[in-house]
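Right, one structure below, let's go through it.
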Amino acid sequence: MSPERVAVVVVSFNSSAVLPGLVESLDAGTAGVPYELVVADNASTDGSADLVRRLAPAATVVEMGRNAGYAAGINAAVAVAGPHTAVLALNPDVRLTPGCVPTLLAALREPGVGIVVPRLLDAGGDVITSIRRAPTLPRAFGDALIGASRVGRVGALGEVVTDPARYRSASDIEWAEGSTQLISAQCWQRCGGWDESFFLYSEEVDFHLRTREAGLRVRYVPTATATHLEGDSGTSPRLWSLLVANRLLFFRRRNGLAPTTFFWLALVLREGTRALVGSQISRSAIRVLFRPAMLRAERGPRWLERV
């Protein structure tokens, strides 16, 4: 019997359309590794919680009672999970490929590794640029003035790693998008839970950087693969505004007011130029960035929860 036991934790919010595909992929994805599925449901109105109970009768469903956010859902699911050696945090629109989890576990057991992330593919089978570098002022302005895709090939100037070669071999990274990640129980105990004040977006940046600051590594492993159908943050004005606002909030907490003012300017420049050419999501983000509380906030403002 495997000495490993994985707590598979998922946060659902009106996710009934995508949950069946996730649940169906778990047995092949874990490939014999014992696991427990725990789903935290953020007060879905589409029957997501009952659907999980029908699809996976052995699963534990945590009824949050409100839309508490992604980080709060992850924390609640981990809190009720049985004994485990690792936490596999998944978005509901992820599908694991066969053998994904054992491959991730092998990498997680390398000395000093706290988090492992796989190679992600989109619905069309193309590699998602999921590797990230820590937010800095040069990277924010590089994105605004040159564009994330082009500047992502230059380490000093790009936050999103866009060089295809980086996705073909295993490496230690600064952080990665949070849809699919395996976290050791030791890492969770050392770093604590996810910061719930972010509500949605930037919570994985915070957790991954805290992991590295705790002396543990974040490891990218391309031999493990998962498909992420991806949500509508790139098309929803409300969600895009939330993503942009939390980028500013995260930077503010780590860098103070003066550098954050320049980071805010970079975000305004980026979103403003895109708004001028007709981007509705950027127009929404600009309105949010000019709210008086944005530069002062050190905890997520209450309006961020209205998603």
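The values are calculated or read from the model by the stated rules, or taken from the named source; none is laboratory data. Being a predicted model, the structure only gives us computed values, none of them experimental. No Cβ is skipped: glycine too gets one built from the backbone with ideal geometry, and neighbour counts run over all protein chains shown. Keep in mind that these areas ignore ligands, DNA and RNA; they rest on the heavy atoms of the full protein, side chains included. Shrake-Rupley method; radii C 1.70, N 1.55, O 1.52, S 1.80 Å.
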Does a label point 7 Å from the Cα of Arg190, set along Cα-to-beta-carbon, have any residues of the stretch 72-89 with amide nitrogen under 19 Å, and which are they?
84-89
Percent of Cα pairs exceeding the 19 Å cut-off, where the set is the stretch 142-239:
54 percent
Semi-axes in Å, largest first, for the chain (Cα gyration tensor, √(5λ)) are 31, 22, 18
Which whole-angstrom value gives the distance between the alpha carbon centres of the stretch 63-110 and the stretch 117-161?
24 Å
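List the residue ranges in the chain for DSSP H helices whose C-alpha atoms run 20 angstrom or more along the long axis and whose Kyte-Doolittle average is -0.5 or above. All intermediate terms of the calculation are to be shown ahead of the outcome.
On the way: long enough: 237-255 (27 Å, -0.12); 257-276 (27 Å, 0.83).
Span-like helices here: 237-255, 257-276.
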Just the number, please: carbon plus sulfur as a percent of the accessible area of the stretch 153-211, 1.4 Å probe, no ligands or DNA/RNA counted.
51 percent
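Please state the charge dipole magnitude for the stretch 39-132, taken about the Cα centre, from unit charges on C-beta atoms (+1 on K and R, -1 on D and E), reported in debye and rounded to the nearest 20.
200 debye
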Coarse-grained scattering of the stretch 66-188 at q = 0.13, 0.23 Å⁻¹, given as base-10 log I(q)/I(0) from a Debye sum over alpha-carbon atoms:
-0.63, -1.35
Comparing Val78, Val38, Val277, which has the greatest mean-square fluctuation in the GNM of the chain with Cα pairs linked when under 10 Å apart?
Val277
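Restricting to the chain, what percent of DSSP beta bridges are antiparallel, rounded to 5?
40 percent
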How much length would be gained if the chain were fully extended between Asp50 and Val80, taking 0.36 nm per residue of separation minus their Cα-Cα distance, in nm to one decimal?
9.0 nm
Using Cα springs under 10 Å in a Gaussian network model of the chain, which residue among Ser282, Ser12, Ser149 shows the largest mean-square fluctuation?
Ser149
Estimated distance in nm for a label pair at Leu295 and Leu265, the labels positioned 7 Å out from Cα along Cα-to-Cβ:
1.0 nm
Of all DSSP beta bridges in the stretch 1-150, what percent run antiparallel (nearest 5)?
5 percent
